[in-house]
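To start, the structure itself, in structure tokens.
The numbers here are math on the coordinates, done by the rules we state, and not lab data. Only a predicted model underlies this, so the values are computations on that prediction, with no experimental measurement involved. Cβ placement follows ideal geometry from the backbone for every residue including glycine, while neighbour counts extend to all protein chains displayed.
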Amino acid sequence: MSAVVDPVRSFLELERRLEREPEGTQGEIARGVYLMTPRPRIVHGEVQGNLFAALRLRFGWGEGIAAPEWLFVVEPEIRSEENLSRLVPDLAAWRRSTTGWPDLNATPATVVPEWVAEILSPTTERFDRREKMGAWGAMGVGYVWLVDVGAKRVETFANVRGSMVPGPVLAADAELAAEPFGALGVAVARLFPG
């Protein structure tokens with residue numbers, strides 16, 4: 001007689017393991033798949049900060065604005081028990097008028113973001129492109145950007161019925177203009193140091 005595996009119970013066990021991991025490492029669960037990765041390289045953080053700054057400058061808090069439409073967060077933890085996932089994107093954004101904002105004092109967030117960006121690195125690229133992309137689609141994230149530091153480009157994806165479908169690929173010499181934000185008035189090359 002074979003035992004029946006309860007996927008939610010397995011997910012909860014993986015979460016307990018995740019919470020015991022040492023400082024300096026990052027664990028994630030994507031649709032039941034567990035991955036531990038080292039902290040990213042400095043260039044990763046530079047690109048992440050540049051993208052955050054461009055978005056925050058265009059859509060964040062400004063003079064005369066009581067509360068912006070978009071909330072941008074660096075490395076929030078997002079949990080979906082339904083999709084057996086607990087993920088940490090490099091950047092995420094919630095839109096007040098569509099997804100609503102998550103509770104700013106709770107972690108992990110359980111409100112699915114409208115948009116996420118992953119800064120690709122050699123140690124995470126495969127997981128970001130496969131397991132995490134599938135999890136983002138299943139969770140209902142509207143848009144995903146993969147920022148490729150080595151190729152100096154931004155790959156865009158939109159959610160179509162739970163699958164992330166490739167959109168425009170923005171090369172270094174292009175303007176950073178893609179859904180859901182439109183044109184940001186910044187060249188893609190400005191995201192990358194050097």
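List of remarks:
- Of the peptides 182-194, 116-128, the order by per-residue mean of other Cβ atoms within 10 Å, starting with the highest, comes out as 116-128, 182-194.
- Taking the charge dipole of the range 40-191 about its Cα centre, with +1 at Lys and Arg Cβ atoms and -1 at Asp and Glu Cβ atoms, the residue from V169, A187, G100 reaching farthest to the positive side is V169.
- Pairwise label distance in nanometres, T107 with R161, each label 7 Å out on the Cα-Cβ vector: 3.8
- Relative contact order, percent, the chain [alpha-carbon distance under 8 Å, six or more residues apart]: 16
- Cβ-based charge dipole, the chain, positive-most Cα from F157, V43, I29: F157
- Around the Cα centre of the chain, unit charges on the Cβ atoms of Lys, Arg, Asp and Glu (plus for the first two, minus for the last two) sum to a dipole of about 220 debye.
- Net charge in the neighbourhood of P7 (other residues with Cβ under 11 Å of its Cβ; Lys, Arg +1, Asp, Glu -1) is -2.
- Think of it as helices only: each DSSP H run of n ≥ 4 in the chain is worth -39500 (n - 2.57), and spread over all residues that comes to -6000 deg cm²/dmol at 222 nm.
- Per-pair calculated FRET efficiency, R0 = 30 Å: A151 and E13 via Cβ, rounded to 0.05: 0.20
- Calculated over the range 21-160, the projected area of the Cα convex hull averaged across directions stands at 8.9 nm².
- Extending 7 Å from the Cα toward the beta-carbon at both A53 and R20 defines two label points whose distance is 4.2 nm.
- Whole-Hz couplings from phi, Karplus 6.51/-1.76/1.60, listed for the range 177-182; x for Gly and Pro: 9, 7, 5, x, 9, x
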